[in-house]
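Trainee: First the structure, which I've put down as structure tokens, then a few questions once you've had a look.
The values are calculated or read from the model by the stated rules, or taken from the named source; none is laboratory data. Small disclaimer: the values here were computed from a predicted structure and weren't measured. Counting neighbours? That spans all protein chains shown, and the Cβs are built from the backbone with ideal geometry, glycine included. We work out accessible area using only protein heavy atoms, side chains counted, and drop any ligands, DNA or RNA first. Shrake-Rupley method; radii C 1.70, N 1.55, O 1.52, S 1.80 Å.
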Amino acid sequence: MVSKTNYCNYSINIINNPVDFEPANLGENVNSNMSEIGPAITADNQMLIFTRRIESNGNKPQEDFYFSLKKDNIWQQAIAFPPPLNSNMNEGALSFSSDQSLLIFTACNRDDGLGSCDLYYGNSNLKSYSFLNLGKNINSEYWDSQGCFSSDRKFIYFVSNRPGGYGGTDIWISKIDENGFSKAINAGPIINTKYDEMSPFIHADNLTLYFSSKGHPGYGGYDLFVSKRLDDTWQNWSKPKNLGNVINSGNTELSIFLSAKG
């Protein structure tokens, strides 16, 4: 982790350079007394999808997907997705492709899983669910999670703690072609550090990557960062930039999602 001195110096710098940002709570139709994490919005800005950590009656906590529809510019009461997307196991980190035809999500401890948690994808038709494990080119015997599609649907970005990375959890990338999903490559040492990187989100321009990190200079805990891809190697990026003290804090900022409208 970055030294306390560097954190202090960096905090002073970003406090002196504030970001114009006014967060608004989404209200009780979406938020509850439980944890709501990993939000995503469809390209038409009319559906919000997120993960809720359900803790009740002394049972073991369990994570399921919920969605809220926008009506008259108000997010409606969130509803749990039906099976088989939700199960009695943990599901999380759902993301749509830009055309909303495909979705990708994380599921843990399933019978067809290769590791503790695997990535799955399928058609986004709510009336015809069919989800497939992404296979050995992406999933490993370790923890694989938090997938997202590039806007052209040619790449998947995700997080894994498999060997061969630079730290605890790294961001990895797989190309999608006529043969399916290619063997994943590490996003490289400009993005990944010897600590944890999480929650990749690639913007619609297919160049700008947002992610969370414990290893790059910030306030503490996880901060949100942005970097731009500089060539087609998918390992050459601009130096990650902290999103600033209005978005980041001394606590945990773990994920961000930008609407198609920016």
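Trainee: Please list, in order along the stretch 206-221, the HN-Hα scalar couplings obtained from phi with the Karplus expression 6.51 cos²θ - 1.76 cosθ + 1.60 (θ = phi - 60°), rounded to whole Hz, x for Gly and Pro.
Mentor: 6, 10, 9, 10, 9, 7, 10, 8, 9, x, 7, x, x, 7, x, x
Trainee: Please give the contour-minus-distance gain from residue 256 to residue 130: 0.36 nm per residue of separation, less the Cα-Cα distance, rounded to one decimal in nm.
Mentor: Extra length available between residue 256 and residue 130 comes to 42.6 nm.
Trainee: Which residue, 39, 145, 237, has the largest displacement toward the positive end of the dipole of the chain when charges sit on each Cβ (Lys, Arg +1; Asp, Glu -1)?
Mentor: Value: 237.
Trainee: While we're on this one: Hey, could you pull the Cα Rg and Dmax for the stretch 48-112, both in Å?
Mentor: 13.2, 42
Trainee: Same structure again: For the chain, what is the accessible area per residue in Å² when the probe is 1.4 Å?
Mentor: Numbers: 13290 Å² over 262 residues.
Dividing the accessible area of the chain by its residue count gives 51 Å².
Trainee: Something else about it: Could you give me D for the chain, from Stokes-Einstein at 37 °C and 0.692 mPa s, where the hydrodynamic radius is the Kirkwood radius over C-alpha pairs? Units µm² s⁻¹, please. All intermediate terms of the calculation are to be shown ahead of the outcome.
Mentor: Numbers: Rh = 19.1 Å.
The diffusion coefficient I find is 172 µm²/s.
Trainee: Determine by what factor the alpha-carbon radius of gyration of the stretch 36-177 differs from 2.2 N^0.38 Å, reporting the quotient.
Mentor: Values: Rg = 15.2 Å, N = 142, 2.2 N^0.38 = 14.5 Å.
Working it through for the stretch 36-177, the quotient is 1.05.
Trainee: Further question: If you take the beta carbon distance between residue 79 and residue 177 as r and set R0 to 35 Å, what does 1/(1 + (r/R0)^6) give as a FRET efficiency, to the nearest 0.05? Let's see the in-between values first.
Mentor: On the way: r = 36 Å, r/R0 = 1.03.
Between residue 79 and residue 177 the formula returns 0.45.
Trainee: With +1 on each Lys and Arg Cβ and -1 on each Asp and Glu Cβ, and nothing else charged, work out how big the dipole of the chain is about its Cα centre, in Debye to the nearest 20. Intermediate values should be presented prior to the final figure.
Mentor: Numbers: 21 positive and 27 negative charges, 70 e Å.
Once rounded to the nearest 20, the dipole reads 340 debye.
Trainee: In square nanometres and to one decimal, what's the mean projected area of the convex hull around the Cα atoms of the stretch 159-262? Walk me through the numbers on the way to the answer.
Mentor: Numbers: hull surface 27.9 nm².
Projected over every direction and averaged, the Cα hull of the stretch 159-262 covers 7.0 nm².
Trainee: Percentage of Cα-Cα pair distances in the stretch 86-158 greater than 15 Å, rounded to whole percent? Working shown, then result.
Mentor: On the way: 1309 of 2628 pairs.
Considering the stretch 86-158, 50 percent of its Cα-Cα pairs are separated by more than 15 Å.
Trainee: What do you get for trypsin sites (Lys or Arg not before Pro) in the stretch 78-181 restricted to DSSP loop and a cutoff of at most 15 other Cβ within 10 Å of the site's Cβ?
Mentor: On the way: sites: 110, 127, 136, 153, 154, 175; in loops: 110, 127, 136, 153, 154.
Those satisfying the criteria are 127, 136, 153, 154.
Trainee: Then there's this: Which ³J(HN,Hα) values, rounded to whole Hz and listed in residue order, are derived for the stretch 32-37 from phi using the Karplus coefficients 6.51, -1.76 and 1.60 in 6.51 cos²θ - 1.76 cosθ + 1.60 with θ = phi - 60°, glycine and proline given as x?
Mentor: 9, 7, 9, 8, 10, 9
Trainee: How high is the relative contact order of the stretch 141-249, given as a whole-number percent (alpha carbon pairs under 8 Å, six or more residues apart)? Walk me through the intermediate numbers first.
Mentor: Details: 260 pairs, mean separation 21.5, N = 109.
Reported relative contact order: 20 percent.
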